[in-house]
Every structure is written in structure tokens, then in C-alpha cells.
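Worksheet: the structure to be examined is printed underneath.
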Amino acid sequence: MRVYNFSAGPAVLPLEVLEKAQKELVGYENSGMSVMEMSHRSKDYEAIIGDAEAKLRKIMGIPDNYSVLFLQGGASLQFAMVPLNLFRNSNKADYIESGMFASKALKEAKKFGEVNIVASSKSDNYSHIPSFDKAQFTPDADYFYICANNTIYGTKFTTFPDTGDVPLVADVSSCILSEKLDVSQFGILFAGAQKNLGPAGVTLVIIRNDLLGYAKENVPTMLDYKVLAENESMYNTPPTYGIYMLKLVFEWIESKGGIEGLEKMNREKAAVLYDFLDNSKLFKGTAAKEDRSLMNVTFVTGDSELDTKFVKAATAAGFVNLKGHRSVGGMRASIYNAMPKEGIEALVEFMKKFEAEN
Ligand SMILES: *Cc1c(COP(=O)(O)O)cnc(C)c1O
């Protein structure tokens, strides 16, 4: 039996995708072998990675002057790759500190250049997106960095900073493909796969081509976006099976009406849970209303013992991984693309029952 898995990542995948992968596991089409056993230079595999990229380009409307890279090292390696590749003139970068992952990213960037924290919500334990003022931006910054959706705190940017000619870089690990995004607003978008794209082990990078080629001489070859782009993610062996899984997820997204279809579903799904939280006498949301994430919903009862009791009871009832991140406590329901609306409706029913009994 499958449970309703509210994990923040690695996270739920569409059942249809898992079943298709199962069907093709030991023999992919007419190849006579598993995708895991294929040379990454084979015709069959070239078709798989080519298809994955083509589908993603179509789904997201990625302009032709951007490269799509399937890498490794997780979103966390991008915290270093971004500064290593984009510090090129002033050696300065602007960061908005909206959560732990943004904070980790800026710490990494400080190793390589000058970091200006334009705005921070750290003193409020990142319960909202800090307001930012263009007057604070560094006019000659080499790039401007944000984390678009803050997985741990359940907040997201609803409008992106207008950075003019300064390339905007966004960590979209926990919100990619959840709603429409205008790729042309960004210099770089990146995401670890294990939230909304597929299994852990693949990192997706979308980079505007004019930002390639600035890595300094001493930057390791494997960390140079230009080398990775020129070799179409095959400078070395890419995470072949993970990329195949992404391809299946992209096919599933097409079957759901693309981004428009998913966004509509995600808004309905999130509304079910937030409406309940707003009317509950026991549970309450912890993120500022105007910054609420569509993907990660954080909430508490106000009593940590009752929180623990709730998580335990929910687990026993088949709603798993609802414990909040250790840095905030309480609960978090991650409701990525693959979480069906029925899962959230069933969770709300369970919460109502818990509330009545407590
Ligand atoms: C999960 C997550 C990360 C870390 O991803 P790894 O792939 O484990 O390095 C970074 N940023 C955000 C927004 C995340 O949700």
C-alpha cells in the first residue's frame, strides 16, 4: 500500500511514472537492456536525454539562448558554482537572505567575492520574504541571488526583484514546474531534482549563454558551466537513470496540461490546506500570508507536545513525513506536483478529526 508522503525531499513521484519505469526497468524499448546499463554515448540514450531536454524546453518555454544542463552535486554545489562562474568584473554580488538555503549560498559566495545582503528575514526566523528596496542593490554587481521558494519555512517570492542588467540567479529547487515562470527574467535557474523533478542525483541548471565562459583558470573543469554546456552535459558520465526519470516526469506533466494544468491544480491543492488552517482553532500557519508557498505548507498547534502527538497519529494513519524541519519545529506538508489533491483533502479530514479530539 502507498502512503500519502508529504516529504520535503526526496519526495513523492507520480505513481504513473513509477509504474512506467517499473515496466521498462529490465528492458528499455527494443534495446534489450535497462537504461541503467546503457552507454551514455549510445543512440538509445542520446534519444532519452535529448527528449528530456526538448520536453523541458517546451514545458517551460525556455528561450533558445539558454542552455539546459543535467548535472550532479545537488543544489548545494550550485551555491559554489554560481560565484565561481559569475564573479567576473566587480567581484560583488547581491543576495536576499530569505532562508537557510539562501544563507548557505551566500556563505559559499563569500569565499570567492564580496557579498552584499540586500535584505534578510533571519531575525524573524525567515517567516516571511524580506522586503527589498532597489536603492540597496549594488549597481555593478556581477549577479543578484535569490531562493525563489523557501522549502523549510514555506515562503515564496511572489514578485522577483527587478535587477536591470544584473543577471538574476534563482534557486528553484522546491518550486520548479509548479507554476508559470518567465525564464527570460533570469540569468541562471537551478534545482536539485528530488523535489519536483525526479529522484535525487540530478541537478538541473538553466543558464543564459552569454554567462558562459567566465570561470577563472583555476576553476575545476567539472565546475565550469561553459565546458558542461559545450559537452551537452556529457563532459563525463551524467546521472543517466535519473535523467531518464526526469523524462518520464516531463511526459507526465504534458499529460496534465503542462505548466498551466499543474499551476491550476497546485493553487487548488494549496487552498484546501490554507483555508483549513485559516479557520482552524487548533492549527495555524507559520508563514506570512502574502508570502505563502504553493509547495511547502508550514503549521503548528502552538504546543510542541501536541505537535509531536499529531505527527505520530498522522503517521499511523498513513500521512507520513509531516514533521517540520529541525530548525523550525512544528509541521510541514510538502505538496509538490505529484501529491494528488485527494491526499490533501484526506489530510485535512484527518486534521479536523484530530482537532475535535484535542
Ligand atoms: C533541498 C534544497 C536545497 C538542497 O538541495 P541538495 O540537492 O540537497 O543540495 C537547496 N535549495 C533549496 C531551495 C532546497 O529546497
- Message: Please report the projected area of region 194-250's Cα convex hull averaged over all directions, in nm².
- Response: 4.5
- Message: Using a Förster radius of 45 Å, what is the FRET efficiency between S39 and V183 based on their Cβ-Cβ separation? Nearest 0.05, please.
- Response: 0.90
- Gyration tensor (Cα only) of region 258-357 to equivalent ellipsoid, semi-axes in Å sorted down, yields 22, 15, 13
- Note on the structure: With G61 itself left out, Lys, Arg at +1 and Asp, Glu at -1 over residues whose Cβ is under 9 Å from its Cβ give +2
- Work out, step by step, the length gained on full extension between N279 and R267: first 0.36 nm times the residue separation, then minus their alpha carbon distance; give nm to one decimal. 2.5 nm
- Task: Determine the sum of side-chain charges near E263: Lys and Arg each +1, Asp and Glu each -1, restricted to other residues whose C-beta is under 9 angstrom from that of E263.
- Result: +1
- Two-decimal Rg/Rh of region 41-196 from alpha-carbon positions, Kirkwood Rh? 0.98
- What are the DSSP H helices in the chain that stretch 15 Å or more along their long axis, judged by alpha-carbon atoms, and whose average Kyte-Doolittle hydropathy comes to at least -1.0? 43-60, 74-86, 240-255, 258-279, 304-316, 341-357
- Query: Which sequence of T158, T203 reflects their accessible areas, 1.4 Å probe, from the largest down?
  - Reply: T158, T203
- Message: Ignoring everything except DSSP H segments at least 4 long, calculate the 222 nm mean residue ellipticity for the chain; use -39,500 (n - 2.57) per segment, divide by total residues, nearest 500.
- Response: -11000 deg cm²/dmol
- Run the accessible area of the chain with a 1.4 Å probe and give the carbon-and-sulfur part as a rounded percent. 50
- Considering only Cα-Cα distances, which of the following residue pairs are longer than 18 Å: K281/K323; K20/K269; K309/K352; K195/K353; K195/K247? K281/K323; K20/K269; K195/K353
- Efficiency of FRET between D124 and M222 - r from beta-carbon atoms, R0 35 angstrom, step 0.05: 0.35
- Using r as the Cβ-Cβ distance of A54 and Q22, and R0 as 30 Å, what FRET efficiency do you calculate, to the nearest 0.05? 0.80
- Rounded to whole Å and ordered largest first, report the semi-axes of the equivalent ellipsoid of region 23-68 derived from its Cα gyration tensor (root of 5λ). 26, 11, 7
- Using label points projected 7 Å from each Cα along Cα→Cβ, tell me how many nm separate K111 and T315, to one decimal. 3.5
- Task: Would you list which aspartates and glutamates come within 12 Å of K226, measuring only between C-alpha atoms, while excluding same-chain residues fewer than 8 positions from it?
- Result: D210
- Item | Environment charge at E24 (Cβ cut-off 14 Å; Lys +1, Arg +1, Asp -1, Glu -1) | -4
- Which value, in Å², gives the accessible area per residue of the chain when a 1.4 Å probe is used on the protein heavy atoms? 44
- Message: Show me the three semi-axes of the equivalent ellipsoid for the chain, from the C-alpha gyration tensor (sqrt of 5 times each eigenvalue), largest first, rounded to whole Å.
- Response: 33, 28, 16
- Query: When all alpha-carbon pairs of region 233-277 are counted, what percent fall beyond 14 Å?
  - Reply: 65
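The values are calculated or read from the model by the stated rules, or taken from the named source; none is laboratory data. Since the model is a prediction, treat every value here as computed from it, not as a measurement. Backbone-built Cβ (ideal geometry, glycine too); neighbour counts: all protein chains shown. The protein model used for the area step is the full one, side chains on, heavy atoms only, and it has no ligands, DNA or RNA in it. Shrake-Rupley method; radii C 1.70, N 1.55, O 1.52, S 1.80 Å.
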